[in-house]
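Notes for the one structure printed next.
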Amino acid sequence: MEEQRQTAVAADHGHTHELARDQHVAISNVIMMFRPAIVSLVLLLLGLAFDNSWIPAPRFFDGWIRLIYYALAYFPVGLPVIIEMFKAFVKKELFSEFTLMTIATIGAFSIGEYPEGVAVMLFYTIGENLQSLAVRRAKGNIKALLDQRPEQVTILEDGRPRTIMARQTAVGQTIQLKPGEKLALDGQLLSQHASFNTIALTGESKPDTKVKGDAVLAGMINLNTVAQVRVTTAYADSKLSKIIELVQHAATQKAPTELFIRKFAKVYTPIVVVLAASIAVAPALFVADYVFSDWLYRALVFLVISCPCALVISIPLGYFGGIGAASRHGILFKGGNVLDALAGVKQVVLDKTGTLTKGVFRVQEAVIVDGYDRKEILALVNALESHSTHPVATAIHAFVGEADHTIPLEQVVEIPGYGLTAMVAGKKLVVGNLRLLDRAGIVHEVETSGIPHTIVAIGYDGRFVGYLIIADEIKPDATEAVNRLKALGITLTMLSGDRSSVVQAVAGTLDILAYGDLLPEDKVNKINEMRSINSRIAFVGDGINDAPAIALSDVGIAMGGLGSDAAIETADVVIQDDRPGKIPLAVHISKATRRIIWQNITMAFAVKAAVLILGAGGHANMWEAVFADVGVALLAIGNAMRIQRMHF
């Protein structure tokens, strides 16, 4: 125990030292980022002090010397922007914000407004740096929220603990997890029971008690006793690894609003340049006392104000904020485009098992036809179901016991939406729904109208030999989720491959429209029918048979805790803890994100339009133009970051 305590103290000390080092590096990086701006600011303030006689100026501070001095003040912040402008030229992007800033500031120097030229580029650089910090913070928050896997694990070899790198851990090895430690890989609990904090996966720190044989996932924190876990998935293939990868790639998926602004800027910028040139030259034809330098100054002010920085930066930052806010609640969006799409969804289609119900089945009753050995038939069924990962198979294993793998099963086939078949000593074994028996040509007489639960029928050697009654439970927050979605004006429909009587019983409890007895292709056909009526549909499912419907819908939502990898990889949104209550929350976050982004767009256009008119009329100078541009950008950034602090 003392050795363990010392190890824990050493680990804590090392972690504290590493955290302090990371903070020091972060501060150093920020100082490096702002160093050019700091140099320019000091030189600018000193120059202004000389110009305005705040301090005595040297006699030589005039003419070419003054120009060279302000050029030196301009150089640290101006050169990077000019370089970016030429890089954009290489990409055939002639009219970017870098072009606008370069033209405006060099123009200011050409008419002798040196301090304004430096100030424009200085405040632009400071604004860009602040925006970069905000984006970095948003990305860092998301990564820190999710990527909490320990780098090392303790494995047991011949009963002795040994520490190795998590990435080197092989499937089948046993991990020893002490209280307070975080699991690095997915696995199966070998201990009799253990409690875990699942905040990294679900966004909530409520303890989740697991028993022997239960699946435990990377990111879960052991809370009480020492636990042993057998690794079932490689480090790179764990659910948490895939989740991190999904979120890290989310930023590459541009939302329609973001794409529109980028396209808009490409058209908007050349128009602004032409207008600025017109402001500088056209008045010569109409104004009697035309002075070129005055109108050129107005044109330069116009250029500075027109720079679309606030829009180009704050919009993607808004989507980062929305993705980060959702991640904190255990909801993963695969891109800003998905946030936009979900905000416009008018109909949500839901699978039943694992989505609205727990998917944790229990065998209520086993009915075997007289003349057949009950124990033998159940053993055959259990052996066949061991080839399936469906929740029904788990329920049968729990009811019958350990599967007998000595039973000679051949030609095992799983038919999605139906069940399983196999050959046993030349006799065909069929286990699934009643439609599978019909398909196999097996006559059965089962009165199902009075059974509001799932029936697993059994056929053997061409004859009906019995059935199992299996019950599922509605998830505790399913009713609340349905009510909240309805309150958002969303129509709900449930599609399921289960019997219609079972589906209607669940639908009646939740008060939603439902269809049962559907095969995967039937779900696809139903969704196509709905899409012809509603422009945008979201489908929520968890099984491999839901993957086609998820892919077809405008927004596919997968239950990620117990859901299949196919559903999770196909989906646009992943709910990590399988709670249907997170569906309306995801919609709410997407609507809030879109609202904030349009607030930024409206604010930027309104302020810029007002100051552009003032600048063109000569009522706004270069300083006001700078503050209008940078001020709007900073306000937009603050508004975009606000979503990460919202309580949903």
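So here's what we get for this one:
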{"quantity": "Pairs with Cβ under 6 Å, 6+ apart, first in the stretch 212-231 and in contact (Cβ under 8 Å) with a residue 60 or more places away in the chain and open to solvent by less than 70 Å² (accessible area, probe 1.4 Å), second among the small types (G, A, S) and assigned to a loop (DSSP other than H, G, I, E, B)", "calculated": "A218/A184; A218/S238"}
{"quantity": "Per-region count, the stretch 105-125, residues open to solvent by 40 Å² or more (accessible area, probe 1.4 Å) and either within 33 Å of the chain's Cα centre (by Cα) or of a type in the set (F, W, Y) (or both)", "calculated": "1"}
{"quantity": "Enumeration of residues in the stretch 399-426 that are closer than 26 Å to D517 by Cβ and of a type outside the set (S, T, N, Q)", "calculated": "F399, V412, V413, E414, I415, P416, G417, Y418, G419, L420, A422"}
{"quantity": "Unique residue being over 30 Å from I637 (Cβ atoms) and crowded, with 20+ Cβ neighbours inside 10 Å when the list is A395, A326, A379, A366", "calculated": "A395"}
{"quantity": "The stretch 557-576, subset open to solvent by 30 Å² or more (accessible area, probe 1.4 Å) and either in a helix (DSSP H, G or I) or modelled with pLDDT of 70 or more (or both), residue nearest to P416 (Cα to Cα)", "calculated": "A566"}
{"quantity": "Qualifying positions in the stretch 424-438 - at pLDDT 90 or above and open to solvent by 30 Å² or more (accessible area, probe 1.4 Å)", "calculated": "K428"}
{"quantity": "Yes/no for I82 being open to solvent by less than 80 Å² (accessible area, probe 1.4 Å), assigned to a helix (DSSP H, G or I) and at pLDDT 85 or above", "calculated": "yes"}
{"quantity": "Any chance A616 is buried (at least 17 other Cβ atoms within 10 Å of the Cβ) and modelled with pLDDT of 75 or more", "calculated": "no"}
{"quantity": "Subset tally (residues that are open to solvent by 40 Å² or more (accessible area, probe 1.4 Å) and either part of a strand (DSSP E or B) or at pLDDT 90 or above (or both)) for the stretch 509-533", "calculated": "3"}
{"quantity": "Top-ranked residue of the stretch 88-104 - restricted to ones that are free of Cβ contacts under 8 Å to residues at least 40 places away in the same chain and not hydrophobic (A, V, I, L, M, F, W, C), ranked as least open to solvent (accessible area, probe 1.4 Å)", "calculated": "T102"}
{"quantity": "Residue in the stretch 166-177 that is farther than 30 Å from G78 by Cα, among the hydroxyl-bearing types (S, T, Y), open to solvent by 50 Å² or more (accessible area, probe 1.4 Å) and at pLDDT 85 or above present", "calculated": "no"}
{"quantity": "Search result, residues across the stretch 464-488 that are out of contact with any His (no Cβ under 9 Å at 6 or more places or on another chain), open to solvent by 30 Å² or more (accessible area, probe 1.4 Å) and either part of a strand (DSSP E or B) or more than 30 Å from H588 (Cβ to Cβ) (or both)", "calculated": "I474"}
{"quantity": "Of the criteria (1) touching a residue at least 40 places away in the same chain (Cβ under 8 Å); (2) farther than 22 Å from I575 by Cβ; (3) in contact with a strand residue (DSSP E or B) (Cβ under 8 Å, 6 or more places away or on another chain), which one D461 fails", "calculated": "(1)"}
{"quantity": "Unique match (being over 30 Å from P476 (Cα atoms) and basic (K, R)) among R374, R328, R362", "calculated": "R374"}
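The values are calculated or read from the model by the stated rules, or taken from the named source; none is laboratory data. Since the model is a prediction, treat every value here as computed from it, not as a measurement. Ideal geometry is used to build each Cβ from the backbone, glycine not excepted, and the neighbour counts take in all protein chains shown. Heavy atoms of the whole protein, side chains included, go into the accessibility calculation; ligands, DNA and RNA do not. Shrake-Rupley method; radii C 1.70, N 1.55, O 1.52, S 1.80 Å.
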